[in-house]
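Down below is the structure, laid out as structure tokens.
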Protein chains: 2
Amino acid sequence: MNGNELLPNWNEGAAKAAILEFVESVTEPGASYVPPVDRIATFDNDGTLWCEKPQYVQVGLLLGRWKAMIEADPAKAKEQPYKALAENDLSWFSNLYSHLPDLLKGIGEAYEGYTVEAFERAVLEFFATATHPTLGTPYTKVGYQPMRELLDLLHARDFLVFICSGGGRDFMRPVSEQLYGVPRERVIGTAAIVEFRNGDLYHTKDIEEPVDDGTGKPAHIWMRTGRKPLLACGNADGDVPMLETARFSILIRHDDASREFAYDTGAEKALAEARERGWTVVSMQDDFKVVFDL
Amino acid sequence: MNGNELLPNWNEGAAKAAILEFVESVTEPGASYVPPVDRIATFDNDGTLWCEKPQYVQVGLLLGRWKAMIEADPAKAKEQPYKALAENDLSWFSNLYSHLPDLLKGIGEAYEGYTVEAFERAVLEFFATATHPTLGTPYTKVGYQPMRELLDLLHARDFLVFICSGGGRDFMRPVSEQLYGVPRERVIGTAAIVEFRNGDLYHTKDIEEPVDDGTGKPAHIWMRTGRKPLLACGNADGDVPMLETARFSILIRHDDASREFAYDTGAEKALAEARERGWTVVSMQDDFKVVFDL
């Protein structure tokens, strides 16, 4: 395949070559050919398809809602996770995964009782108005341009691309088509359990188990697709089980302090496994010609 | 649209006319046009796309497995649901929904610890060997020919067709493409929770809540598609909430004792709602030229 045309914002190198070689091997006639119906590709979202620093995009929506909840009921500020917000406790927010039960409680309570349509309106309003704190652009612009090109390549080669986010499924669905060309039925992620009452669907305060991270990712992917991924792509330790189940695994490494952020924290195990298992590691600094299309 | 070409095994009548008119209205330019991305069609399976009498097809698989479990551990015959099988208690099996907790326990225990691949092999072996008790044909032949034609029409009109079964999702996925032209990622249904361990996915004994029936159906459809159905089709009271959420709703009525089975039991509420809400009721006797393609 002609790499210049196909992934124009990827630099020539081992990562680009390995990706193009794999895609060609499973889509062209030959021993490794895979029929389109089984070309399942799964992509983590935060840190893989778009920027997850200085905080997960969805946290922006959540903090706005928690602020309104505290204003409506100041007693809430005494309990977590609202307390962390009320006290501007940056250390609490700097390591969200260590407060997972409180975080999930806050996520569930934030939109309990919303119809699915009302939640979607809240999400769309957020994307229409909020901007990234350091890039200064709307969040719909914080997707990585080279990754969008990879999705385009996979779409052109008849892969079924699924977004498999540790974050909110219903948070990404309203914008997944616009951002990535991925329709909403192919967005997998952590989600509130919805309940049908009197003709409408409502968010409950309960979050589906397992959450779509770590060992929950291959479980979610199976539940939604009935297959293991042919190609999977992630950037963090929570993506390791998903990457373990794929035929071809790609790990995005955040090593570009000038154009994005440089951090291996939270990806130590993923990087070690990538070395051991021969996964394709993508250096944002070396492999991406541009990071954003701002 | 030319009805003769499109649904050749449907008799001319109100049901066929209403279906063709609706499909044309949302796929041809005009005030009711719906873009392909939102053309979600959801079909119940048992009794809607294939025969559910004298027992649900999946029960055949289950009884074979329960028999083997009792042989391996005769003490099992003292507890339900195994007791009902050991004692050949036909009344127990004639109304499965009244024993739902015991039934779900038996379904979960039957394949606990199986990898998803081992379960698929068991399903494929069942379909390769078992035959329908009264029709005498493989179960892959008990789909309704007119309904397959309806699915073909919807596929040709760029609908995304989902099978939304009260029965087992992982039971239908291995054969959904062959039976209905629906790929496995578009099969929604009740399912065991799967768990990732050491690189493999295993069935646990726990069944996902809610089960994919009654109010669980629109919840499952939302979880899997992020939309309410544009068109939905069912045959029983457990399909009512799904049918309530659709723009166009079709109810299959089992009124053909000579070619299939005649029963309104379990569909009383659905038939009443269909009258009240103007749903399209399909009489298998009057609207189907043939029932099966045996």
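The values are calculated or read from the model by the stated rules, or taken from the named source; none is laboratory data. These numbers come from a predicted model, not from an experiment. As a convention, Cβ positions derive from the backbone with ideal geometry for all residues, glycine included, and neighbour counts pool all protein chains shown. Note: areas computed on protein heavy atoms with side chains; ligands, DNA, RNA excluded. Shrake-Rupley method; radii C 1.70, N 1.55, O 1.52, S 1.80 Å.
Show the residue pairs meeting these rules: Cβ distance below 6 Å; 6+ apart or different chains; first residue within segment B:119-147 and closer than 14 Å to B:Pro174 by Cβ and open to solvent by less than 80 Å² (accessible area, probe 1.4 Å); second residue in a loop (DSSP other than H, G, I, E, B) and among the hydroxyl-bearing types (Ser, Thr, Tyr).
Between residues of segment B:119-147 that are closer than 14 Å to B:Pro174 by Cβ and open to solvent by less than 80 Å² (accessible area, probe 1.4 Å) and residues that are in a loop (DSSP other than H, G, I, E, B) and among the hydroxyl-bearing types (Ser, Thr, Tyr), the close pairs are B:Phe119/B:Tyr111.
Hey, does segment A:55-62 have a residue that's among the hydrophobic types (A, V, I, L, M, F, W, C), closer than 27 Å to A:Leu135 by Cα and open to solvent by 60 Å² or more (accessible area, probe 1.4 Å)?
There is no residue in segment A:55-62 that is among the hydrophobic types (A, V, I, L, M, F, W, C), closer than 27 Å to A:Leu135 by Cα and open to solvent by 60 Å² or more (accessible area, probe 1.4 Å).
Each row is one residue, and each column tells you yes or no for (1) of a type in the set (Val, Ile, Thr); (2) touching a residue at least 24 places away in the same chain (Cβ under 8 Å); (3) surrounded by fewer than 23 Cβ atoms within 10 Å (Cβ to Cβ); (4) within 14 Å of another protein chain (Cβ to nearest Cβ).
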| site | (1), (2), (3), (4) |
| --- | --- |
| B:Thr215 | yes, yes, yes, yes |
| B:Arg253 | no, yes, yes, no |
| B:Asp256 | no, yes, yes, no |
| B:Ala262 | no, no, yes, no |
| B:Ala274 | no, yes, yes, no |
| B:Ser283 | no, yes, yes, no |
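Return the pairs, sorted by first residue and then second, in which the second residue is surrounded by fewer than 17 Cβ atoms within 10 Å (Cβ to Cβ) and hydrophobic (A, V, I, L, M, F, W, C), the first residue lies in segment B:55-66 and is more than 20 Å from B:Thr265 (Cα to Cα), the beta carbons are less than 6 Å apart, and the residues are 6+ apart or on different chains.
B:Gly60/B:Ala130
Of all residues being in contact (Cβ under 8 Å) with a residue 12 or more places away in the chain and facing chain B (nearest Cβ under 10 Å) in segment A:224-235, which is least open to solvent (accessible area, probe 1.4 Å)? Just the residue, please.
Ranking the candidates gives A:Thr225 first.
Kindly check whether there is at least one residue in segment B:37-49 that is loosely packed, with under 13 Cβ neighbours inside 10 Å and in a helix (DSSP H, G or I).
No.
For segment B:85-112, give me each residue that is open to solvent by less than 40 Å² (accessible area, probe 1.4 Å) and in a loop (DSSP other than H, G, I, E, B).
Answer for segment B:85-112, where residues must be open to solvent by less than 40 Å² (accessible area, probe 1.4 Å) and in a loop (DSSP other than H, G, I, E, B): just B:Tyr111.
Give segment A:155-209 a look and list any residue that's more than 12 Å from every other protein chain (Cβ to nearest Cβ), of a type in the set (Gly, Ala, Ser), closer than 28 Å to A:Pro35 by Cβ and open to solvent by 10 Å² or more (accessible area, probe 1.4 Å), or say none.
Scanning segment A:155-209 gives a single hit, A:Ala156.
Hey, among the residues in segment B:236-247 that are buried (at least 24 other Cβ atoms within 10 Å of the Cβ) and in contact (Cβ under 8 Å) with a residue 40 or more places away in the chain, which one's nearest to the other protein chains (Cβ to nearest Cβ)?
Once the filter is applied, the top-ranked residue is B:Met242.
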